[in-house]
1. Of the conditions (1) over 15 Å from the mean Cα position of the chain (by Cα); (2) farther than 30 Å from Val157 by Cα, Ala113 fails just one. Which one is it?
2. Going by the structure shown, is Glu38 acidic (Asp, Glu), farther than 24 Å from Thr125 by Cβ and in contact with a strand residue (DSSP E or B) (Cβ under 9 Å, 6 or more places away or on another chain)?
3. Within region 100-110, identify whether any single residue is modelled with pLDDT of 95 or more, loosely packed, with under 15 Cβ neighbours inside 10 Å and either on the phi > 0 side of the Ramachandran plot or in contact with an Asp or Glu (Cβ under 8 Å, 6 or more places away or on another chain) (or both), and answer yes or no.
4. Looking at region 17-35, which of the residues that are in contact with an Asp or Glu (Cβ under 9 Å, 6 or more places away or on another chain) and free of Cβ contacts under 8 Å to residues at least 24 places away in the same chain is farthest from Leu124 (Cα to Cα)?
5. Taking the condition of being surrounded by 14 or more Cβ atoms within 10 Å (Cβ to Cβ) and either under 17 Å from Glu185 (Cα atoms) or more than 19 Å from the chain's Cα centre (by Cα) (or both), how many residues in region 126-153 meet it?
6. Among the numbered criteria (1) surrounded by 15 or more Cβ atoms within 10 Å (Cβ to Cβ); (2) modelled with pLDDT under 95, which single criterion is violated by Glu118?
7. If a residue counts only when it is surrounded by 11 or more Cβ atoms within 10 Å (Cβ to Cβ), in contact with a Leu (Cβ under 8 Å, 6 or more places away or on another chain) and of a type in the set (Phe, Trp, Tyr), which strands (runs of 3 or more DSSP E) contained entirely in region 1-93 have at least 2 such residues?
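The values are calculated or read from the model by the stated rules, or taken from the named source; none is laboratory data. Please read these numbers as outputs of a predicted model, since none were measured by experiment. Every residue, glycine as well, gets a Cβ built from its backbone with ideal geometry; the counts of neighbours run over all protein chains shown.
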Amino acid sequence: MGSLKDLVNGTPFHSRSIEMKTYALDDDTILVEGWLREDRFEPVFSLTGEKIEPGPVHHMAIRLKLGGTPPTILDAEAEMVHVPLEFCRSTLETIQHVIGLEISAGFKKKAHAMMGGEQGCVHLTHLLTVMSQAAFQGHVAHKRKSPQPLPASLGAVEGLDALLGSCRAWRRGGPKVTHLQSVLEGKGSMTE
């Protein structure tokens, strides 16, 4: 039996892409922009039997201004270039609900409670929750443009709560955590 990769051929009938970029505004503030685009390449039929021609389904953006430690949403805006229903644009204001929210452990659950479900847009909420990881990574990259002093302890590591348990390497007792602990205790080097 071959790989599933071998089955990828021809033209897809649907695609969704998400793109994110982070920009430095000053020493402590960044702007994170995320775009979600979804396209259909074949006609489909709605639940009521109406034919829908191929083309864009969703095309939207979120921009977040972040500052502080942990990174906190200082300002936010959303844009919907293309939506299936004009009514969808009535959910744009829900992005304002996350201003003041920290990008830290529990962010996705809090964001969904603030702008998801029946009061919001599942696609806008999905974009925001996916952006949280990129926003955190952009914040860390911006802070680490110059060498920083070693934290006094593992508990003093900025953003550790967002890293712990995020993947196999960052699990408690995993290689990233044990290496960091070793360096902080003076038993290892930062270049390992």
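1. The one condition Ala113 does not meet is (2).
2. Taking the combined requirement at face value, the residue does not satisfy it.
3. Yes: one or more hits.
4. Tyr23
5. Step one: list which residues in region 126-153 are surrounded by 14 or more Cβ atoms within 10 Å (Cβ to Cβ), which gives 126-140, 142-143, 151.
Next cut, either under 17 Å from Glu185 (Cα atoms) or more than 19 Å from the chain's Cα centre (by Cα) (or both) only: 151.
Residues that pass the stated criteria total 1.
6. Of the numbered conditions (1) surrounded by 15 or more Cβ atoms within 10 Å (Cβ to Cβ); (2) modelled with pLDDT under 95, the odd one out for Glu118 is (1).
7. none
Each row is one residue, and each column tells you yes or no for (1) of a type in the set (Gly, Ala, Ser); (2) in contact with a Cys (Cβ under 9 Å, 6 or more places away or on another chain).
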residue: Ala113; (1), (2): yes, no
residue: Cys121; (1), (2): no, yes
residue: Thr129; (1), (2): no, no
residue: Pro147; (1), (2): no, no
residue: Gly155; (1), (2): yes, no
residue: Gly159; (1), (2): yes, no
residue: Gly173; (1), (2): yes, no
residue: Thr178; (1), (2): no, no
